[in-house]
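Below is one structure, written out as structure tokens; the observations come after it.
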Amino acid sequence: MPDLLIELFSEEIPARMQVRAAEDLKKRMTDGLVEAGLTYAHAHAFSTPRRLTLALEGLLGESPTIREERKGPKVGAPDKAIDGFLRGAGLTRDQLEERETPKGAVYFASIEKPGRPAAAIIAEVLEDTIRNFPWPKAMRWGTGSLRWVRPLHSILCILSDEAGTEIVPFSVDGIKAGDTTEGHRFMGGGRFAVTGFEDYQIKLKRDHVILESDERAEHIWNDATNVAFAQGLEVVQDKGLLSEVAGLVEWPVVLMGDIAEDFLGLPPEVLQTSMKEHQKFFSVRNPKTDRIEKFITVANRETSDHGATILAGNQKVLFARLSDAKFFWENDIRVAEAGAQDWVDSLNNVTFHNKLGSQGDRIGRIAALSRELAGVVEADADVTEAAARFAKADLSSEMVYEFPELQGLMGRYYAGAAGLPVEVANAAQEHYSPLGPSDDVPSAPVSVAVALADKLDTLTGFWAIDEKPTGSKDPFALRRAALGVIRLVLENDLRLGLDTYFDWQLLRHEAHQGEDALLAQALLADVSAQIAQHGVLGSVVRTVQDAVDGDLPKYISDLRDSLPDTSKDLLGFFHDRLKVYLREQGVRHDVIDACIAMPGNDDLTLLVKRARALGGFLGTEDGVNLLQGFKRANNILTQAEEKDGVEYSFGADVKFAEDDAEKALFAALDAQEGAISSAIEAEDFAAAMGGMAALRAPIDAFFEAVQVNSDNEVVRRNRLNLLSRIRVACLGVADLTRVEG
Amino acid sequence: MASTDSKPRSFQEIILRLQNYWAEKGCAVLQPYDMEVGAGTFHPATTLRSLGTNSWAAAYVQPSRRPTDGRYGENPNRLQHYYQYQVLIKPSPPNLQELYLGSLEAIGIDMDLHDIRFVEDDWESPTLGAWGLGWEVWCDGMEVSQFTYFQQVGGHDCHPVSGELTYGLERLAMYVLGVDHVMDMPYNDPQTPIALTYGDVFKQTEQEYSRWNFDVANTDVLLKQFEEAEAECGKILAQDHIDPKTGKRIIMVHPAYDQCIKASHLFNLLDARGVISVTERQAYIGRVRALAKQCADAFVLTSAGGYAA
């Protein structure tokens, strides 16, 4: 059983692609080999900046011979049939075998596909793998047509067993496979031949290449923590950075350097970000002072001066970088201490989106909405509005211009410098949250209000200009924004009807797009007041329209026509996101649909309360049976209503009841209806479901004993009206007609 | 010339060593293009010559202008006018990385003491409709060069592929010479009777251009010139390929491309004056790209572009 070793040696592969590429090499090669009949015992893939390597142990020396038997025509069948069979099998007539079967003598063909040597199969599969490799980005070079991530220089491809080593004869685009490779670019000793994987790994190490990326990462982390520990310091963990750095070196050498005293006053996040983003340095913290005081850089080589020149160079580059950061920080603090008004003002000149106005316009809208939302979260309206007005100020700062990932965090520092209340500082940082499904949701009332307003403004804005997500395209991250709103509402148990806030904010967007700014503002005030009074838009625009004399701007009538649909469509988008969110938590989609069909479905907390109660109830035997009873009642009733062309909804009277089961159902409904509706009123959906559960037995007994469609028309109608009481009682929590089963 | 194993002593010595090195390696040492450009890539020796099938090897210094980077000569390493050293070889030779590393040794960087790294950095020029894959080259954590294999220029696939090397000369020289502020860097040999620093040569011009770029340049004139250059480029290329006077086939790609370069620089000036909004920016870049594309389309119809009649 031979072992196979493949190395694809190229110019430097981007660090972020290496590990994935090694896995792809393994998968494509092993899939291809196995498909051709070459099984193996173990497979290992490796990557360094300059090579992808695959080692397969215990490969079959050749693919197995495959024998297949085919049954042909009867002996004595027409020649045409027999010739056709021979063509298909690739045989001649004298190779056929006659066999007796219960149906007489029949020809049988035995076809053999001979096995092929491993080398031939490997050459084919490797060529296919190289030519179709799934690099995220590939390129051509020189005069060739082959695509690889960077120029591919050599291919090592050998089969080895006790008898020796053979090169797999193979070439692609002029690169011929061989048995040689080379070590470190600067510390290696030129090309060398290898006889197998063990030999390969040993010779690479001799020539200063650690083949395994995990081993390099471990080496870096151990050395880094050791040099830090020796000085009473600790390295700030950063797994992403560690694996990136492990992909930038073949022979890692850890060097620790000082951060000049001048820079130790910078916020630790700034030091960390600047060192990581620009220089790929690790931060080293002093646990006594809790400051970042040193850095670790990882060189790709040893030198005769033990890295002194390299460290001095890195230190110099860092000095320049941190001088920039310090310059930004000091300028920013000066602006912040003066109240940061310059930043807020300058956002008026920054475009947010060409159809949605400037960042200043956006902040104005968010501030207004935040104020309206303050009541919902029981926050002080003035502080909330102030927080919203400051929340984006740091976007004008030099630091955030340089390091966009520090947005929000810098806002918190600058709010402190500006002497603003701590709620404002926290909201500056927290209003971006939650960013992803695992990100924490803020709970401080002011932060929650601004976070909601920010996201709702974005969503309504892009809905107003009809830039909704389609398929996989969501350039403005609107799905994430909607999920953010959902989590803010649910995890803080907030009660609010989203519709009102949609309308409010859609109006603000429309007013922004109106041509006559003054009139727009006046109308906006009127309409907003109407919304505040009546809750939702509905006919409010019409009322305003009636109140205004003379010609109306066209956009007001457009608004009347379009706004309710836009608002409804946006709510539908929220419901879709909510379904995805709840499904991940195990709530059935039909349960959610049944609850979305109820009134007040823009109150997400109420909606989810219903869904959880219904989901729980349907998990019980009572629930399942009641659902059956309800459906039966509802079907009979619906059919009768369709046939008779009337709605049976009122007037069931116990005096027309003939059967005991019928009377018992009247009694049960009399007893439960009140309880159910008051439980619903109190939003105690579980109790309401409990009330419905009590109807289950009487309903079952009723259907057991009674034929609804009686010959007596009075009795029939009375029974239909009785079924209608079941329908009403059971539809109070959710639309059970939408529940499956 | 100083021997390559001693350290260079001035900015100009570094340039001279690069010139000698690449001349020895077989490049035609060209002179800077005589127009204002944002980077060495704009020189027709790179942009146009990377197109078509003909082989090419050239090296040159290119003064480059980035009006928005002006800092009145105060910033230690930011300038609105600086020098790039540019090498373009087509087809890219298999040992281009080794050739490049040799050039670093030639300017006095000892490979045994320094840590040279090739860090992923894909290059794209939206104004030239060009992109390529490669690296920024780090020396002890500092970016010293850009190394790119051109894949597309002016919307055309490059075949064969050119290898392009771009050195930021001031930054590289400051590192090699151990200088912290660009203006303090010796321009010629400091031992010479009339020793000049980079500041002696350029400090005043940095101030003058910074003021002009940011506050004085007449934006109405610039806008008009942009429109004119754009129109002229199209007009030149719309001419009949056969010159009526000589009866020869003469496609005027280079004169047209000059107009494209002009438009690009005028856009940079307008940008520095802050009169181009975020949304307009994309539109201007698209207009310059359209010119570059037309020039590229025309160049591949010429003999330098590999066209065989």
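Out of all the residues in region A:176-224, which are more than 23 Å from A:H44 (Cβ to Cβ) and crowded, with 19+ Cβ neighbours inside 10 Å?
A:R185, A:A224
Is region B:199-211 home to any residue that is within 14 Å of another protein chain (Cβ to nearest Cβ) and either more than 30 Å from B:K90 (Cα to Cα) or not basic (K, R) (or both)?
no
It is to be established whether one or more residues within region A:308-317 are modelled with pLDDT of 90 or more and more than 9 Å from chain B (Cβ to nearest Cβ).
No, every residue in region A:308-317 fails to be modelled with pLDDT of 90 or more and more than 9 Å from chain B (Cβ to nearest Cβ).
For A:A386, state whether it is crowded, with 18+ Cβ neighbours inside 10 Å, in a loop (DSSP other than H, G, I, E, B) and modelled with pLDDT of 90 or more.
no
Taking into account only those residues within region A:105-156 that are polar (S, T, N, Q) and under 16 Å from A:L52 (Cα atoms), which is surrounded by the fewest Cβ atoms within 10 Å (Cβ to Cβ)?
A:N132
May I ask you to list the residues in region B:92-110 that are in a loop (DSSP other than H, G, I, E, B) and either more than 7 Å from chain A (Cβ to nearest Cβ) or surrounded by fewer than 22 Cβ atoms within 10 Å (Cβ to Cβ) (or both)?
B:P93, B:P94, B:N95, B:I107, B:G108, B:I109, B:D110
Any residue in region A:251-259 that is within 14 Å of chain B (Cβ to nearest Cβ), closer than 22 Å to A:L152 by Cα and not β-branched (V, I, T)?
yes
What residue, among those in region B:111-133 that are more than 8 Å from chain A (Cβ to nearest Cβ) and not charged (D, E, K, R), is surrounded by the fewest Cβ atoms within 10 Å (Cβ to Cβ)?
That would be B:P126.
Where the second residue is among the charged types (D, E, K, R) and crowded, with 21+ Cβ neighbours inside 10 Å and the first is assigned to a helix (DSSP H, G or I) and lies in region A:714-741, which pairs have Cβ atoms under 8 Å and are six or more apart or on separate chains?
A:R719/A:E662; A:L722/A:E662
Going through region B:135-157 one residue at a time, which ones are in a strand (DSSP E or B) and touching a Cys at 6+ places or on another chain (Cβ under 9 Å)?
Selection gives B:S145, B:Y149, B:F150, B:Q151, B:Q152.
Could you list, in sequence order, all residues of region A:432-447 that are assigned to a loop (DSSP other than H, G, I, E, B) and among the small types (G, A, S)?
The answer is A:S433, A:G436, A:S438, A:S443, A:A444.
Within region B:213-230, is even one residue more than 30 Å from B:K7 (Cβ to Cβ) and in contact with a Gly (Cβ under 7 Å, 6 or more places away or on another chain)?
Yes, some residue in region B:213-230 is more than 30 Å from B:K7 (Cβ to Cβ) and in contact with a Gly (Cβ under 7 Å, 6 or more places away or on another chain).
Looking at region B:158-172 only, could you name the residues that are assigned to a strand (DSSP E or B), more than 9 Å from B:T148 (Cα to Cα) and within 14 Å of chain A (Cβ to nearest Cβ)?
The answer is B:G168, and nothing else.
Can you confirm whether region B:79-91 contains a residue that is farther than 15 Å from B:A173 by Cβ, out of contact with any Asp or Glu (no Cβ under 9 Å at 6 or more places or on another chain) and not basic (K, R)?
yes
Would you check which residues across region A:295-306 are more than 36 Å from the chain's Cα centre (by Cα) and more than 8 Å from chain B (Cβ to nearest Cβ) and list them?
A:E302, A:H306
In region B:134-148, how many residues are over 15 Å from the mean Cα position of the chain (by Cα), within 10 Å of chain A (Cβ to nearest Cβ) and of a type outside the set (A, V, I, L, M)?
So the answer is 7.
When the residues of region B:70-83 are narrowed to those that are touching a Phe, Trp or Tyr at 6+ places or on another chain (Cβ under 8 Å) and either crowded, with 23+ Cβ neighbours inside 10 Å or within 14 Å of chain A (Cβ to nearest Cβ) (or both), which ends up modelled with the lowest pLDDT?
Here the answer is B:G70.
Return yes when B:G141 is buried (at least 18 other Cβ atoms within 10 Å of the Cβ), within 30 Å of B:S210 (Cβ to Cβ) and touching an Asp or Glu at 6+ places or on another chain (Cβ under 9 Å) and no when it is not.
It is true that B:G141 is buried (at least 18 other Cβ atoms within 10 Å of the Cβ), within 30 Å of B:S210 (Cβ to Cβ) and touching an Asp or Glu at 6+ places or on another chain (Cβ under 9 Å).
Here is a check on your reading of the model: is B:H181 within 22 Å of A:R140 (Cα to Cα) and out of contact with any strand residue (DSSP E or B) (no Cβ under 9 Å at 6 or more places or on another chain)?
no
List, please: which pairs have Cβ atoms under 7 Å, are six or more places apart or on different chains, and start with a residue in region A:8-27 that is assigned by TED's automatic domain parsing to the domain that holds A:L52 and surrounded by fewer than 17 Cβ atoms within 10 Å (Cβ to Cβ) and end with one that is part of a helix (DSSP H, G or I) and of a type in the set (D, E)?
A:R16/A:E244
Could you figure out which of (1) in contact (Cβ under 8 Å) with a residue 24 or more places away in the chain; (2) more than 30 Å from A:F282 (Cβ to Cβ); (3) away from every other protein chain (no Cβ under 14 Å); (4) out of contact with any strand residue (DSSP E or B) (no Cβ under 7 Å at 6 or more places or on another chain) isn't true of A:E198?
A:E198 satisfies every listed condition except (1).
When region A:204-224 is examined, which residues are found to be without any contact (Cβ under 8 Å) to a residue 12 or more places away in the chain and either over 28 Å from A:R51 (Cβ atoms) or touching an Asp or Glu at 6+ places or on another chain (Cβ under 6 Å) (or both)?
Hits for region A:204-224: nothing passes.
Output the residues belonging to region B:234-264 that are under 21 Å from the mean Cα position of the chain (by Cα) and surrounded by 19 or more Cβ atoms within 10 Å (Cβ to Cβ).
Answer for region B:234-264, where residues must be under 21 Å from the mean Cα position of the chain (by Cα) and surrounded by 19 or more Cβ atoms within 10 Å (Cβ to Cβ): B:V253, B:A256, B:Y257, B:D258, B:Q259, B:C260, B:I261, B:K262, B:A263, B:S264.
With the condition kept exactly as written, say whether any residue in region B:212-235 is among the polar types (S, T, N, Q), more than 14 Å from chain A (Cβ to nearest Cβ) and within 19 Å of B:G73 (Cα to Cα).
yes
Name the residues in region A:31-58 that are out of contact with any His (no Cβ under 9 Å at 6 or more places or on another chain) and surrounded by 19 or more Cβ atoms within 10 Å (Cβ to Cβ), would you?
Once the filter is applied, which keeps residues that are out of contact with any His (no Cβ under 9 Å at 6 or more places or on another chain) and surrounded by 19 or more Cβ atoms within 10 Å (Cβ to Cβ), region A:31-58 yields A:L33, A:L38, A:Y40, A:A45, A:F46, A:S47, A:T48, A:P49, A:R51, A:L52.
The values are calculated or read from the model by the stated rules, or taken from the named source; none is laboratory data. Just so you know, these numbers come straight off a predicted model, no measurement behind them. Neighbour counts run over all protein chains shown; Cβ positions are idealised from the backbone, glycine included.
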